[in-house]
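Here the structure comes first, spelled out in structure tokens, and everything after it is commentary.
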Amino acid sequence: MDFLTLLQVLDTSVRLATPLLLACLAGLYSERSGVVDIGLEGKMLAAAFFSAAVAFYSGNAWVGLLAGVGASVALAVIHGLASVTFRGNQLISGVAINFLAAGMTVLVAQSWFRQGGRTPPLEGDARFNPIELPFAIGPTDAAAADRPLSQLIAEAGPLQQFYSELISGHSSLVYLALLTVPFTWWLLFRTRFGLRLRAVGENPAAVDTAGVSVVWLRYAAVLICGVLCGVAGAYLSSALQAGFVKDMTAGRGFIALAALIFAKWRPVYALWACLLFGLFQALELRPDIIENVSGLKVQVQLLGALPYILTVVILAGFVGKAIPPKASAEPYIKER
Amino acid sequence: MDKMPKWADIVLIPLISLLLAAFFSALVILAIGENPIAALKLMVDGALMRSAGWGYTLYYATNFIFTGLAVSVAFHARLFNIGGEGQAMLGGLGVALCCLYVPWPHWSLAILGASVGAALFGALWALIPAYLQAKRGSHIVITTIMFNFIAAAILNYVLVELLRPVGAMDPASAKFPEAVHLPTFQDMFSTEGSKLFRGAPANVTFFLALLACVFVWLLMWRTKLGYQIRAFGHSESGALYAGISPVRITVIAMLISGALAGMMSVNTTMGESERLILNSTEGAGFIGIAVALMGRNHPFGVLLAAILFGFLYQGGAELALWTSIPRELIVVIQALVILFTGALDNMVREPLEKLFIAMRRRNA
């Protein structure tokens, strides 16, 4: 395998890892505060539909993003009501949210567009288009030279290839997702809010005794989770693909959950876990590459299942134990 | 003293939750520009007013009885088995292997063999998460979710690479032999003069599902093991003090749960498609969650809830056929039922408890 093919695979990995990363960080906020969220999938799906639908009507991807975030936050509020206010079972609430999104998106899509549960394809500014970083070879250079882009990149030096193929040419949401990683680390580990958020996931009674509202903190975490899932969903339908199709999240919310456990609820590790799982997904699309490199025929089904298998192994503690926040999935009941 | 009478807990709360779910479903139908009352009438006509409609309703109900029982047995041990879908998929593999490679002389023997195969495969698929929960402390919800995806990958591999007949395009096994064909309701109840249940997939497995209800009731309320499972679910420390092994109960409860979920495939794979197909479970494993929650984890409640969901499924298919309301309406209703009977249970329960306490004070 040559250098350029490697870069192409890594480029695809980054694209595919972005929604995982956003959803994974979303789950991180929620679970660090003691609210388990298996409804990441549903929130992403709802956001994917509403952002694509509104982007189609408005012709502006950013307006679409806002609508997607709104839909995701609405579901997050339901999750907050069920798990914080009414102290219900957080897992059951997550399951309900996943089904609610799976059903509602198709129902509304059919009612608005009548295209069998999809939105019309998005074009132009209704999508998040690739950003060309300075000095990178991009479509404008190709247009100026009147030659195909792949030819120009193939002729460039290795450093320029690395820069143009892998670093440049992603949509703005990819860079935003990458920036969210250090921001999350800073927020959780260097601010008072972050300390309290982590404390409420470990020992809510202590936080309550200190005079800080457990309910408010958990709602804040659940809402941040909603916002990030919303961005993840918008990325899926208006950046990675051009429009919404039924069930387009295809288990990504659960892969994000797996990545979160794999990363042991830490932001920087979450980045690596999501990139790894993104790489699996990229290789699933190009099984020929593994065959050329290793000479082995690898089953695509195995690659698809690998994140889940790895998570089970990690959870079982055979390779480094993953211990969730202590108070996770437990509603906090005052004055017992 | 209990905060409210038992009938309120068993009947009133599920009923109110169900009405809430129905109310919001009606709002959804209104919002997409259709008439909820006309939709309900169409559903009742299509699912309950003809024998063929009942044939479909009871076919779906059979699936939901099995998966509902599966979820409820695990719930009794305070385990949330969200992996019914994967266990049912693997159960289908067990059914297919039994039907394809064993020369059964008669369907009555074949259904027994296939049930054992389905239960075995389903139970084995639940065994690993159960063991990991009991011994390694990994959360059963997460592992069973992961196992659903792994099961789907395995089934995909087996169907595409191993069981697919040479030259066939779609990922499915060969057709089962004629000898394992299960009698449908049409075969059983039609007379010379009148054809009942025409073309409907309901088959003899429905009675197997009824037997499973009785079995679960006997097990949970009439055996020592059932008592131990319920005791463990009520209080792990109490059970431990009484000499009940948490590892043993966790593993056994999950084995039974997985076996029940797996047996759903007797109905779909042997009774309906008569070959193993990729998506034979169609989400029934997840509907089991709604059914168990609504049925309050009791076999009789599960039976009623399963028939209700069977009606919704068949009615939803009718709606999709005659109106522009897609089948996904059922998914929304299912979500609302899970939300109101499961996650938002306290929202209904707490005001009712206050009401009953206030009434009692006035009477006293």
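The values are calculated or read from the model by the stated rules, or taken from the named source; none is laboratory data. The structure displayed is predicted, hence computed values, not measured ones. Please note: Cβ atoms are built from the backbone with ideal geometry, for glycine as well, and neighbour counts cover all protein chains shown. Note: accessible area is taken over every heavy atom of the protein model, side chains too, but ligands, DNA and RNA are not part of it. Shrake-Rupley method; radii C 1.70, N 1.55, O 1.52, S 1.80 Å.
Which ones in region A:235-255 are part of a helix (DSSP H, G or I) and within 12 Å of chain B (Cβ to nearest Cβ)?
A:Arg252, A:Gly253, A:Phe254, A:Ile255
Mind checking which pairs have a first residue in region B:104-129 that is farther than 20 Å from B:Asn81 by Cβ and open to solvent by 10 Å² or more (accessible area, probe 1.4 Å) and a second that is of a type in the set (Phe, Trp, Tyr) and not in a helix (DSSP H, G or I), Cβ under 8 Å, 6 or more apart or different chains?
B:Gly113/B:Trp104
A quick yes/no check of all residues on (1) in contact with a helix residue (DSSP H, G or I) (Cβ under 9 Å, 6 or more places away or on another chain); (2) modelled with pLDDT under 90:
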position: B:Asp2; (1), (2): yes, yes
position: B:Ile10; (1), (2): yes, yes
position: B:Leu18; (1), (2): yes, yes
position: B:Ala21; (1), (2): yes, no
position: B:Lys41; (1), (2): no, no
position: B:Glu85; (1), (2): yes, no
position: B:Gly91; (1), (2): yes, no
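Test of understanding: among B:Thr323, B:Thr269, which residue is polar (S, T, N, Q) and modelled with pLDDT of 90 or more?
That would be B:Thr269, the only listed residue that is polar (S, T, N, Q) and modelled with pLDDT of 90 or more.
Could you run through region B:115-152 and say how many residues are more than 22 Å from the chain's Cα centre (by Cα), aliphatic (A, V, I, L, M) and within 7 Å of another protein chain (Cβ to nearest Cβ)?
The total comes to 1.
Conditions tested, residue by residue: (1) small (Gly, Ala, Ser); (2) open to solvent by 40 Å² or more (accessible area, probe 1.4 Å); (3) at the interface with chain B (Cβ under 9 Å from one of its Cβ atoms); (4) in contact with a strand residue (DSSP E or B) (Cβ under 9 Å, 6 or more places away or on another chain).
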residue: A:Trp272; (1), (2), (3), (4): no, yes, no, no
residue: A:Leu285; (1), (2), (3), (4): no, yes, no, no
residue: A:Leu296; (1), (2), (3), (4): no, yes, no, no
residue: A:Ala305; (1), (2), (3), (4): yes, no, yes, no
residue: A:Val312; (1), (2), (3), (4): no, no, yes, no
residue: A:Phe318; (1), (2), (3), (4): no, yes, yes, no
residue: A:Ala322; (1), (2), (3), (4): yes, no, yes, no
residue: A:Lys334; (1), (2), (3), (4): no, yes, no, no
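Count, please, the residues in region A:26-48 that happen to be more than 14 Å from the chain's Cα centre (by Cα), assigned to a helix (DSSP H, G or I) and within 12 Å of chain B (Cβ to nearest Cβ).
Count: 1.
If I go through region A:86-107 residue by residue, how many of them are open to solvent by less than 30 Å² (accessible area, probe 1.4 Å) and within 7 Å of chain B (Cβ to nearest Cβ)?
Number of matching residues: 11.
Across region A:219-270, what is the number of residues that are modelled with pLDDT under 95, surrounded by fewer than 24 Cβ atoms within 10 Å (Cβ to Cβ) and small (Gly, Ala, Ser)?
Count: 5.
Would you be able to say whether some residue in region B:46-63 is surrounded by fewer than 22 Cβ atoms within 10 Å (Cβ to Cβ), closer than 29 Å to A:Thr105 by Cβ and not hydroxyl-bearing (Ser, Thr, Tyr)?
No, that holds for no residue.
Is there a residue being charged (D, E, K, R) and within 24 Å of B:Leu304 (Cα to Cα) anywhere in region B:263-273?
Yes, region B:263-273 contains a residue that is charged (D, E, K, R) and within 24 Å of B:Leu304 (Cα to Cα).
For region A:245-260, check the following and say yes or no: at least one residue is in contact with a helix residue (DSSP H, G or I) (Cβ under 8 Å, 6 or more places away or on another chain), of a type outside the set (Val, Ile, Thr) and under 16 Å from A:Asp11 (Cα atoms).
No.
Taking region B:300-339 only, how many residues are open to solvent by less than 30 Å² (accessible area, probe 1.4 Å), within 18 Å of A:Leu100 (Cα to Cα) and touching a residue at least 24 places away in the same chain (Cβ under 8 Å)?
12
In region B:171-182, which residue that is open to solvent by 20 Å² or more (accessible area, probe 1.4 Å) and within 27 Å of the chain's Cα centre (by Cα) is farthest from A:Leu306 (Cα to Cα)?
In this case the residue turns out to be B:His181.
To keep it simple, each residue is scored yes or no on (1) on the phi > 0 side of the Ramachandran plot; (2) loosely packed, with under 15 Cβ neighbours inside 10 Å; (3) within 14 Å of chain B (Cβ to nearest Cβ); (4) without any contact (Cβ under 8 Å) to a residue 60 or more places away in the chain.
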| residue | (1), (2), (3), (4) |
| --- | --- |
| A:Val84 | no, no, yes, no |
| A:Gly117 | yes, no, yes, no |
| A:Pro121 | no, yes, no, no |
| A:Arg127 | no, no, no, no |
| A:Ala136 | no, no, no, yes |
| A:Ser164 | no, no, no, yes |
| A:Leu173 | no, no, no, no |
| A:Leu176 | no, no, no, yes |
| A:Arg198 | no, no, no, no |
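Could you please let me know if B:Gly238 is open to solvent by less than 40 Å² (accessible area, probe 1.4 Å), of a type in the set (Gly, Ala, Ser) and in contact with a strand residue (DSSP E or B) (Cβ under 8 Å, 6 or more places away or on another chain)?
no
Please state which one of B:Met359, B:Met347 is within 11 Å of chain A (Cβ to nearest Cβ) and open to solvent by 50 Å² or more (accessible area, probe 1.4 Å).
B:Met347
Considering only residues that are among the aromatic types (Phe, Trp, Tyr) and surrounded by fewer than 24 Cβ atoms within 10 Å (Cβ to Cβ), which ones fall in region B:65-99?
Within region B:65-99, B:Phe75, B:Phe80 qualify.
Look at region B:188-214 and say how many of its residues are under 24 Å from B:Ser115 (Cα atoms), of a type in the set (A, V, I, L, M, F, W, C) and not in a helix (DSSP H, G or I).
Going through region B:188-214 one residue at a time, the tally reaches 3.
Which count do you get for residues in region B:306-332 that are part of a helix (DSSP H, G or I) and more than 8 Å from every other protein chain (Cβ to nearest Cβ)?
The qualifying residues number 17.
Which of the numbered conditions does B:Arg275 fail, given that it passes all the others? Conditions: (1) at pLDDT 90 or above; (2) over 16 Å from A:Leu100 (Cα atoms); (3) open to solvent by 10 Å² or more (accessible area, probe 1.4 Å); (4) assigned to a helix (DSSP H, G or I).
(4)
Do you know which residues across region A:298-329 are assigned to a loop (DSSP other than H, G, I, E, B) and touching a Pro at 6+ places or on another chain (Cβ under 8 Å)?
Answer for region A:298-329, where residues must be assigned to a loop (DSSP other than H, G, I, E, B) and touching a Pro at 6+ places or on another chain (Cβ under 8 Å): A:Val298, A:Ala327.
In region B:215-235, which residues are more than 22 Å from the chain's Cα centre (by Cα) and either crowded, with 18+ Cβ neighbours inside 10 Å or assigned to a helix (DSSP H, G or I) (or both)?
B:Arg222, B:Lys224, B:Leu225, B:Tyr227, B:Gln228, B:Ala231, B:Phe232, B:His234
Residue by residue, here is whether (1) of a type outside the set (Val, Ile, Thr); (2) under 27 Å from B:Arg275 (Cβ atoms) holds:
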position	(1), (2)
B:Ile111	no, yes
B:Ala130	yes, no
B:Ala134	yes, no
B:Ile140	no, no
B:Ile145	no, no
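Just the residues that are facing chain A (nearest Cβ under 8 Å) and modelled with pLDDT of 90 or more, please, taken from region B:153-178.
Those that are facing chain A (nearest Cβ under 8 Å) and modelled with pLDDT of 90 or more: B:Ala153, B:Ile154, B:Asn156, B:Tyr157.
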